[in-house]
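Any read-out appearing in this document is the output of simple, stated calculations on the displayed coordinates, not a laboratory observation. This structure is a prediction, so every number in the text was calculated from the model and none was measured.
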C-alpha cells in the first residue's frame with residue numbers, strides 16, 4: 001500500500017508538508033492530445049477479428065487512439081481541495097485535507113474528494129487512527145500512524161498515512177496504455193490498441209489482478225498477433241503484466 005510520510009507544523013501560519021516523495025505522483029509521459037471528441041477511446045463494436053489477416057483472438061471493447069486529456073501532466077495541474085484548512089485548524093482537519101490531496105495525486109484527474117477520521121487522529125507516539133477518504137464517491141481506507149518519536153507539544157507532527165487500497169481510473173488506464181504503446185509509435189508497423197471497458201473509478205488491491213485487460217494487436221506481413229496484458233496497480237499508477245507471464 002502507498003505510505004505517505006508527512007510532517008505537520010502546529011503553530012500559526014504552519015503548513016502541512018509531505019515527505020518520502022509521496023507527492024511526485026510520476027508524471028507518466030508526454031503531452032496529451034485533446035482534439036478528439038471521443039478523447040482517444042471509442043467503442044470497438046466489432047466484437048472480434050475484422051476478417052482475414054487479424055490473427056487468432058478478439059479485440060477488446062474500447063479502442064485507444066490517443067492520450068487522455070483529463071490526466072494531468074503534473075501535480076501542479078491538480079486543483080487544491082476546498083476549503084483549505086487554516087493554520088489554526090484542528091490537527092485532524094489538516095490530516096483529512098492531506099488525505100484528499102493524496103487521492104487526487106494518485107488519480108491524476110481532477111475530481112470531487114472528501115475525507116473523515118471519525119474518531120479524530122490520536123496524538124500519541126505510535127498511535128494509529130482510522131480514516132476514510134473518497135474520490136468521486138469511491139472510498140479508500142487509510143491508517144494514520146503518529147511517528148514513534150512524537151512528543152507532546154512538538155513543533156512538527158510526523159505521521160504515516162497508509163492507503164489500504166489503490167484508486168484505478170479508466171482514464172488513467174487508457175492513458176497509460178497509449179503512453180506505453182501508442183505515443184511513440186513510428187507508423188512503420190500497423191497496430192491497434194484496445195482495453196476492456198473499465199468502470200470510471202474503482203478501489204483495488206495493489207498488485208492484484210483487477211480483472212481488466214488491455215491488448216495490442218500488431219500486424220506482421222499478411223497476418224497479425226495479439227498481446228494481452230492484465231491491469232494491476234503500484235505506487236506509480238496503472239501497470240500491465242503479460243497474461244500468463
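Using C-alpha positions alone, give me the convex hull volume of segment 109-245 per residue in cubic angstrom. Could the numbers behind the result be given before it?
Numbers: hull volume 20.2 nm³, N = 137.
About 148 Å³ per residue, rounded to a whole number.
Can you give the relative contact order of segment 124-244 as a percent, counting alpha carbon pairs under 8 Å and 6+ residues apart? Kindly include the intermediate steps, with their values, before the conclusion.
Working: 217 pairs, mean separation 22.9, N = 121.
It rounds to 19 percent for segment 124-244.
Projected area of segment 86-159, taken from the Cα convex hull and averaged over every viewing direction, in nm²?
Values: hull surface 20.7 nm².
The number I arrive at for segment 86-159 is 5.2 nm².
Which whole number in µm²/s is D for segment 130-171 by Stokes-Einstein, with the Kirkwood Rh taken over Cα pairs at 20 °C and 1.002 mPa s?
175 µm²/s
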